Amino acid sequence: MTAVLPWATLVVCLAITIARLPSLLRGENRVLFYIFALMTLDILLSIEGPYLALDAVLGGVNVTNLILRFLLYGTFLLMGVKIAMGFASASAERAIRGPWGLTVLGLTVGLTTFFFVITDTRGSTVGMNGLTWGPSMEAYAALGRFYPGFVAACLLPAIWRTVTGRPPALLRGAAALLFVGLALLLVSQLFPLIPAVHLWLRSLINYSAVLATALGLAGIWLSKAYARRKTKNFDLGLSQKH
Amino acid sequence: MPLQSKSFQRWLHGVAPHASTADVCRIAGIKRTTLAQQLVRGKVAESTLVSISRGFDINPVQALATFDLYAVLRGDPVPPTACELVSQVATVDLLRAVVERSQPGSIPAMVLSATPHPTAVRNWVDAIDDGELRHRVSQATGIAPQNFSAHLTANRLPPELAIATSRAAGVGPAGGLVAGGLITEAEAGWPPNARQEALDAMTQGELVTLAGERLQALGKTLRRQEQDHERTERIWENLG
């Protein structure tokens with residue numbers, strides 16, 4: 001199950017990215033394509049084969065993992081801003097891309113780099129699971145979970161309001177999926193409490209989070225396409241029974 | 001709770017002893033699968049009974065009355081109150097009446113649109129509500145007040161709830177069925193011109209006040225819909 005999940009997630013993300021190509025060429029919501037493309041790349045680099053291949057080129061000291069962290073931060077910054085704008089949460093948008101949000105991001109990037117540098121990361125291994133984990137390593141990993149969790153925490157209230165509101169059913173379902181995906185990122189803050197023998201649980205949560213988030217975002221797009229296809233009859237409720 | 005399929009089948013046998021299920025569905029204009037499903041589940045919707053009654057030229061109210069659940073419909077129809085009649089006039093028709101009263105002859109002669117209108121259920125309940133009605137209905141039926149409200153907002157009124165509401169308000173039992181769209185006013189035994197006459201009997205002040213209330217409620221609903229629509233569009237614009 002946990003061996004299939006990364007590949008399944010990769011296939012889903014790649015499929016959505018390819019499906020966004022026509023919109024990209026038409027110039028519609030380009031950022032959304034970049035978000036899905038970044039997600040695909042993130043997943044690709046967290047799978048053993050591609051990871052080891054790239055890391056071998058980069059010197060075999062797990063620099064690829066650091067790059068993956070930066071890519072993840074970028075993904076969440078873009079996604080966070082776009083979702084905050086879509087769900088009309090000015091406070092979330094401010095928290096993510098306002099001065100405070102960017103300070104948080106800057107600190108996260110700086111500290112991530114710092115802890116990477118002071119840790120002995122020799123010996124290419126995906127997720128750095130094969131290394132001996134000291135405190136600096138724990139801090140590095142925690143920072144990697146922190147920023148996505150921070151963005152998720154900013155977005156959840158606005159998404160919840162949509163889930164419990166009165167939008168079309170398909171959109172509500174998609175928003176619910178997105179909510180689940182982002183909520184899992186908050187759950188992932190508790191990873192240090194999971195015993196090392198249950199590492200599979202961590203990857204289950206991680207990949208489920210990405211999968212739910214990607215499907216939720218794609219679902220929003222789908223709900224739009226569906227609504228546009230139905231001939232819209234904006235009945236004012238004056239003359240006919242609806 | 002809808003009609004028990006056993007008693008429904010007994011009734012159907014009495015109405016059309018020789019017709020096959022296929023014939024019944026064809027005459028009534030309902031889907032075979034729908035009827036089959038309802039029979040299997042053991043509960044037949046009142047609307048199915050009404051469609052079949054119409055198909056066989058039976059008064060649906062009398063057909064419903066043969067079931068114990070709707071025994072209250074037996075006997076001569078109770079005439080509707082003036083308030084009930086006016087509540088079943090569509091808002092546009094009310095507005096036309098206002099214009100006609102202030103400038104006679106300025107608009108073509110009008111015929112009231114058929115029942116039910118888009119806010120018929122809420123207007124009916126408001127018309128018979130003495131302030132405590134919702135409370136009494138929820139006590140009598142066990143329905144939570146917010147669920148009752150949800151029905152009103154969706155302009156739905158399940159037949160059983162319609163009966164319970166009219167009973168709690170002390171008005172004729174068929175009024176709610178008309179407002180909920182299960183039966184027509186004629187089927188409920190309302191005289192053909194009753195709504196028009198009730199409308200004509202209102203003073204101009206009453207008429208304008210009522211039209212104003214309706215417009216205000218409609219405006220609120222429309223504004224809410226527009227806000228919902230705007231929110232949805234914004235999500236799609238950014239993430240679609």
*Report, ordered by the first and then the second residue, all pairs with beta carbons closer than 8 Å, sequence separation of six or more or different chains, a first member in region B:142-167 that is buried (at least 18 other Cβ atoms within 10 Å of the Cβ), and a second member that is hydroxyl-bearing (Ser, Thr, Tyr).*
B:148/B:138; B:155/B:119; B:157/B:165; B:159/B:70; B:161/B:141; B:163/B:70; B:164/B:141
*asked:* Looking at the structure I just gave you, is residue A:191 within 24 Å of residue A:80 (Cβ to Cβ), surrounded by fewer than 18 Cβ atoms within 10 Å (Cβ to Cβ) and in contact (Cβ under 8 Å) with a residue 40 or more places away in the chain?
replied: yes
*Provide a single number: the residues in region B:226-238 that are over 14 Å from residue A:82 (Cα atoms) and within 7 Å of another protein chain (Cβ to nearest Cβ).*
3
*Tally of residues being without any contact (Cβ under 8 Å) to a residue 12 or more places away in the chain, assigned to a helix (DSSP H, G or I) and surrounded by 15 or more Cβ atoms within 10 Å (Cβ to Cβ) across region A:27-53*: 1
*Can you tell me how many residues in region B:114-145 are within 21 Å of residue B:216 (Cβ to Cβ) and assigned to a loop (DSSP other than H, G, I, E, B)?*
6
*Sole residue being within 13 Å of another protein chain (Cβ to nearest Cβ) and at pLDDT 90 or above, chosen from B:154, B:127, B:144*: B:154
_Filter result (part of a loop (DSSP other than H, G, I, E, B) and under 21 Å from residue B:181 (Cβ atoms)) within region B:29-49_ = B:29, B:30, B:31, B:45
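Yes/no per residue for (1) closer than 30 Å to residue B:111 by Cα; (2) of a type in the set (Asp, Glu); (3) more than 14 Å from chain A (Cβ to nearest Cβ):
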site: B:207; (1), (2), (3): yes, no, yes
site: B:218; (1), (2), (3): yes, no, no
site: B:221; (1), (2), (3): yes, no, no
site: B:224; (1), (2), (3): no, no, no
site: B:240; (1), (2), (3): no, no, no
_When you check residue A:166 against the structure, is it in a helix (DSSP H, G or I), at pLDDT below 95 and more than 23 Å from residue A:13 (Cα to Cα), yes or no?_
no
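The values are calculated or read from the model by the stated rules, or taken from the named source; none is laboratory data. Model, not experiment: these values are computed from the prediction. With ideal geometry, Cβ positions are generated from the backbone for all residues, glycine too; neighbour counts draw on all protein chains shown.
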